[in-house]
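Written below as structure tokens is the structure these notes are about.
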2 protein chains.
Amino acid sequence: MSDTHDHDPGEKYGGQLHGPTSVRMWLRMLSCTMVIEKRLRRRFIDQYKTTLPRFDVLAALDRRAEGMTMGDLSQMLLVSNGNVTAIVRQLQESGFVAVEAAEHDRRSLIATLTPKGTTHFAELAVAHHHWIEEMLGDVPEEVLQQLFDRLATVKTSIAAKGTQ
Amino acid sequence: MSDTHDHDPGEKYGGQLHGPTSVRMWLRMLSCTMVIEKRLRRRFIDQYKTTLPRFDVLAALDRRAEGMTMGDLSQMLLVSNGNVTAIVRQLQESGFVAVEAAEHDRRSLIATLTPKGTTHFAELAVAHHHWIEEMLGDVPEEVLQQLFDRLATVKTSIAAKGTQ
DNA sequence: AAATTATGCTTTAGGTATAAAGCATCTTGA
DNA sequence: TCAAGATGCTTTATACCTAAAGCATAATTT
């Protein structure tokens, strides 16, 4: 039996009511993101025997028919190089991804989707969209759009603060 | 040298422009959350030799002077029981948390903050707030408040969709 | 009250993440 | 040209997280 909880936890640290708006907003956003992400992971495993990181790699490659280097994937997905190595190897073993040395630089490896990988990703992407639309189904389109717009400000702010 | 990236990645899957608003909003929210969370983890390690999960436990206990059972912590923090066991043991070894058997049910263990733990958490909390306020410093108060309000709708929607 | 089931927690095995070191290749500059 | 450093990736050690099994204690059923 499962040992992990997946119900509404309230905000982490418990429905925080005090403190600056930035902190309250962060805790609420974190809470929402964690719940959604956990459900997505669960469904990927249960229904497709795959993982969110593998899906992320497939999605990145699907957008670039010409392929991507391991480093490109690492940067785009915000995971370590070593991690990309492992995920791509799995996808390669499953026949979803092909890897070949770059012509211009023999250190680089370029990963591309195989036809099988493209088909597989298409199926996953449909399910992924469906799950998200279902979870956010009660949020009015207008609110989603406002969130999307305001999150752009957040994105800009954290980008401006550099990596440190 | 570090091997992990921490700069603006654009949205995951690369600045998605198409698809339903719910999916676009989710990808943007996920991206923002991941960047902020990674930075927080990094700073906790670098500046305080601690981790976000340990901070989360301390924060939960700080709000409840009477203490919490391991199960309560697991539910509130959305992590497995086994994980709580490990984190609490670490905090116990550091002298920040005390654990004793519950009177009413000898299976239960109740964790409480020690005075040392309370002091330690206070220091961490100040830094934590400071980091968040800094990262979100360019987001106007008004936008933060709007995000906070609209995220309540998201929270409600995902809660309504149950755990499945 | 005994047997069964449920609950609270820990342990274990396995997957996944990072950081740091290592290897190969490329680039730079004297 | 060739030494020194930078770059792309992999490997290794370590940490953390989950699921599932296991153990002890409570609650329930008969």
inquiry  = Go through (1) open to solvent by 50 Å² or more (accessible area, probe 1.4 Å); (2) more than 21 Å from A:Arg63 (Cα to Cα) for A:His129 and report which single condition fails.
reply    = (2)
request  = Go through the residues of the stretch A:105-117 one by one and say whether even a single one is at pLDDT 95 or above and either touching a His at 6+ places or on another chain (Cβ under 8 Å) or under 21 Å from B:Val35 (Cβ atoms) (or both).
outcome  = no
query = Among the residues of the stretch B:101-111, how many are open to solvent by less than 30 Å² (accessible area, probe 1.4 Å) and either more than 9 Å from DNA strand D (Cβ to nearest atom) or within 14 Å of chain A (Cβ to nearest Cβ) (or both)?
reply = 1
Number of positions in the stretch B:76-100 that are away from DNA strand D (no atom under 11 Å from the Cβ), surrounded by fewer than 19 Cβ atoms within 10 Å (Cβ to Cβ) and part of a helix (DSSP H, G or I) = 2
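State whether the residues of the stretch A:91-103 include one that is closer than 18 Å to B:Leu27 by Cα and away from DNA strand C (no atom under 11 Å from the Cβ).
Taking the stretch A:91-103 and keeping what is closer than 18 Å to B:Leu27 by Cα, we get none.
The answer is no; no qualifying residue exists.
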key: Enumeration of residues in the stretch B:19-42 that are more than 10 Å from DNA strand D (Cβ to nearest atom) and under 14 Å from the mean Cα position of the chain (by Cα)   = B:Thr33, B:Met34, B:Val35, B:Ile36, B:Glu37, B:Lys38, B:Arg39, B:Leu40, B:Arg42
ask   = Which of the residues spanning the stretch A:75-118 are within 15 Å of A:Arg54 (Cβ to Cβ) and of a type in the set (Ser, Thr, Tyr)?
value = A:Thr85, A:Ser94, A:Thr114, A:Thr118
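The values are calculated or read from the model by the stated rules, or taken from the named source; none is laboratory data. Because the structure is predicted, anything quoted here is derived from the model rather than measured. For neighbour counting, all protein chains shown are included, and Cβ atoms are generated from backbone atoms with ideal geometry for every residue, glycine included. Heavy atoms of the whole protein, side chains included, go into the accessibility calculation; ligands, DNA and RNA do not. Shrake-Rupley method; radii C 1.70, N 1.55, O 1.52, S 1.80 Å.
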